[in-house]
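Notes follow the structure.
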Amino acid sequence: MATYLITGASRGIGLELTKQLLELPASKVSTVFAVARNVESDAIRQLVKEYPDRIYPVSASVDDTASVQEAAETVKTKLSGHGLDVLVNNAGIAGLTPGSIKDMEPDQLAQILDVNVIGTQRVTSAFMPLLEQGTQKKIINMSSGLGSFAYATRTATMPTDAYIISKTALNMLTLRWANWYSDAGFTILAISPGWLKTDMGNEQADLSVEVGVAEVKRLILESGREQNGKFLNINVPETEGTNYQFEYDGKGIPW
């Protein structure tokens, strides 16, 4: 019976992942701590109604250190001496940066880095004591193929400079954590969920959120020590030969 904590759980990928994990038997996923700014959303309320004993909403903003630390204390109390098994750092923001790189506003870059990178650091640091007590010791950082140096030419004209930079930084943060905690039995990795039809991804995206998240869930469930420090890609065979920006071939993404 594994315990999960997912940030950004009130919408998009985080909400769908919370839902799909709760659909698994309690013997596999006992509790999901759904962390979000707004835990009173209709979607979260519905999941609480369906799974009253297995989902625990926790209010926190990943860009607010005090609220993250308070959330960690709340989860610690709820766990009653037990550890946290899996942390999914999913919360993130995007934003268009029209024009060239010289037009990117420093304030926008700072805000996106604060949520996507520093937010991940805040959350991981705050919950590490509970993860150290867990049995699975998994940390999953939701990244993007856009953050790959190897794909920089493909993404050169995309008007999302700040977002791309943040995901590249997140990838290095992932590797640093993976290297530091490798000998402690942790599995710390990054996953690219693909371009999904969410509020952030929009309706022109490649894949439905249900399809993409089902693959993310599989990767989380199947990952083990051999995936520590890896950058994983989802596997959706029916997309082969399409005109999508990236391949969803299940192969590791180059950093």
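Listed values, structure above:
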| quantity | calculated |
| --- | --- |
| Complete set of residues in region 175-206 that are among the aliphatic types (A, V, I, L, M), touching a residue at least 12 places away in the same chain (Cβ under 8 Å) and either open to solvent by 40 Å² or more (accessible area, probe 1.4 Å) or over 18 Å from K19 (Cα atoms) (or both) | L175, A178, A184, I188, L189, A190, I191, M200 |
| Region 231-255 - residue that is surrounded by 20 or more Cβ atoms within 10 Å (Cβ to Cβ) and free of Cβ contacts under 8 Å to residues at least 60 places away in the same chain and, of those, farthest from T18 (Cα to Cα) | Y248 |
| Every residue from region 218-230 that is open to solvent by 80 Å² or more (accessible area, probe 1.4 Å) and not acidic (D, E) | R225, K230 |
| Residue in region 207-217 that is most open to solvent (accessible area, probe 1.4 Å), counting only those that are under 14 Å from the mean Cα position of the chain (by Cα) and among the aliphatic types (A, V, I, L, M) | A214 |
| Hits in region 44-63 - residues which are open to solvent by less than 60 Å² (accessible area, probe 1.4 Å) and more than 23 Å from N141 (Cα to Cα) | L47, V48, Y51 |
| Test: residue in region 172-181 that is part of a helix (DSSP H, G or I), in contact with a helix residue (DSSP H, G or I) (Cβ under 8 Å, 6 or more places away or on another chain) and among the polar types (S, T, N, Q) | no |
| Qualifying residues in region 136-166 (those that are open to solvent by less than 40 Å² (accessible area, probe 1.4 Å) and of a type in the set (V, I, T)) - the one modelled with the lowest pLDDT | T155 |
| Exclusive hit being touching a residue at least 40 places away in the same chain (Cβ under 8 Å), open to solvent by less than 70 Å² (accessible area, probe 1.4 Å), of a type outside the set (G, A, S) and in contact with a strand residue (DSSP E or B) (Cβ under 6 Å, 6 or more places away or on another chain), set N116, N89 | N89 |
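The values are calculated or read from the model by the stated rules, or taken from the named source; none is laboratory data. It should be emphasised that the depicted structure is a prediction, and the values quoted were computed from it without experimental measurement. Counting neighbours? That spans all protein chains shown, and the Cβs are built from the backbone with ideal geometry, glycine included. Protein only, heavy atoms only, side chains kept; ligands, DNA and RNA dropped before computing areas. Shrake-Rupley method; radii C 1.70, N 1.55, O 1.52, S 1.80 Å.
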